[in-house]
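A quick write-up on the structure given underneath.
The values are calculated or read from the model by the stated rules, or taken from the named source; none is laboratory data. All values derive from a computational prediction rather than experimental measurement. Cβ coordinates were reconstructed from backbone atoms using ideal geometry, including for glycine residues, and neighbour counts include every protein chain displayed. Heavy atoms of the whole protein, side chains included, go into the accessibility calculation; ligands, DNA and RNA do not. Shrake-Rupley method; radii C 1.70, N 1.55, O 1.52, S 1.80 Å.
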Amino acid sequence: MAEETQSIEAALGRAVQAYQGAVDDFDREMARLLGVNETDLRCLELLLSADRATPGELGSRLGLTTGSVTAMIDRLEKRGHLTRTPHPTDRRSTLVQVTPAFRERASALIEPFLRDSAAEVFARYTAAQLALVADFLDFSRGIQERHTERLRAVPAPKRGGKAGPAPA
C-alpha cells in the first residue's frame with residue numbers, strides 16, 4: 001500500500017505542477033495580449049472578481065509596497081484599464097476598479113476558455129467528483145497562501161548577492 005500511495009503522490013505532484021505551468025502560460029499570454037506585466041494582470045484579475053478595491057487591499061493581496069501599488073495603478077489607469085474614485089466613507093482613500101472597456105476586452109479573451117472548460121469538464125466528471133476536486137483546490141489554495149505569506153516574510157537577497165538560509 002505504501003508503494004501505491006507514493007505513486008499516487010508522485011502522479012498528483014506532477015499533475016499539479018503541470019497544471020500550474022499551464023495556468024502560468026495562459027496568464028503570460030493574457031498579459032501579452034492585454035499589454036501588461038504579470039503582476040498588473042493579477043491586479044486586474046482581483047479587480048474583475050472583487051469589482052473594486054482600495055490600493056491598500058491590492059498591495060496586501062499582491063505583496064507590494066505602497067509605492068509599487070501606486071506606480072502600478074498609475075500605469076494601468078494611463079492604459080485605460082482602470083479608474084480611481086473617491087472612497088465613499090474614507091476621505092483619505094480611493095477605490096480602484098476596471099473600466100467597462102477593459103472588462104469587455106478581458107472577457108472576449110477568456111470566454112472561449114471558460115466555455116470549453118465548462119462543457120468538457122462537466123461532460124467528463126460527475127457532480128460528486130467535481131465537488132471533491134473543488135474541495136481539494138480550496139484546501140490546497142489555503143496551504144499555498146500560508147506558504148506565500150511565509151516566503152514574503154523572508155528578506156530578498158541583495159542584488160548580486162547570494163540568498164541566505166531560509167527561516168524554518
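Here the 3J(HN,Hα) profile of segment 60-73, calculated from phi with Karplus coefficients 6.51, -1.76 and 1.60 at θ = phi - 60°, is 5, 5, 9, x, 10, 6, 4, x, 5, 5, 4, 4, 5, 5 Hz, Gly and Pro shown as x. Could you point to the label whose value was computed as Rg and Dmax of the Cα atoms in Å for the structure here, given (i) 19.6, 62; (ii) 16.3, 50; (iii) 15.8, 58? So the calculated entry is the one marked (i).
Work out, step by step, the length gained on full extension between Thr85 and Arg14: first 0.36 nm times the residue separation, then minus their alpha carbon distance; give nm to one decimal.
Working: separation 71, 0.36 × 71 = 25.56 nm, distance 4.43 nm.
That works out to 21.1 nm of additional length.
Counting protein heavy atoms only, the chain has 57 percent of its accessible area on carbon and sulfur, 1.4 angstrom probe.
The value of relative contact order for the chain, using C-alpha pairs under 8 Å at least six residues apart, is 14 percent. If the segment from Thr70 to Arg92 were pulled out straight at 0.36 nm per residue, it would be longer than the present Cα-Cα gap by 6.5 nm. For the chain, the solvent-accessible area of protein heavy atoms averages 74 Å² per residue (probe radius 1.4 Å; ligands and nucleic acids excluded).
Using DSSP to define loop residues, name the trypsin sites (Lys or Arg not before Pro) in segment 52-157 whose beta-carbon has at most 10 other beta-carbon atoms within 10 Å. Walk me through the intermediate numbers first.
On the way: sites: Arg52, Arg61, Arg75, Lys78, Arg79, Arg84, Arg91, Arg92, Arg103, Arg105, Arg115, Arg124, Arg141, Arg146, Arg150, Arg152; in loops: Arg52, Arg79, Arg91, Arg92.
Those that pass, being in a loop and sparsely packed, are Arg91, Arg92.
In the chain, the longest principal axis of the Cα atoms and the axis of helix 100-124 are about 10 degrees apart.
In the chain, helical runs assigned H by DSSP with n ≥ 4 each contribute -39500 (n - 2.57); averaged across all residues and rounded to the nearest 500, the mean residue ellipticity at 222 nm is -24000 deg cm²/dmol.
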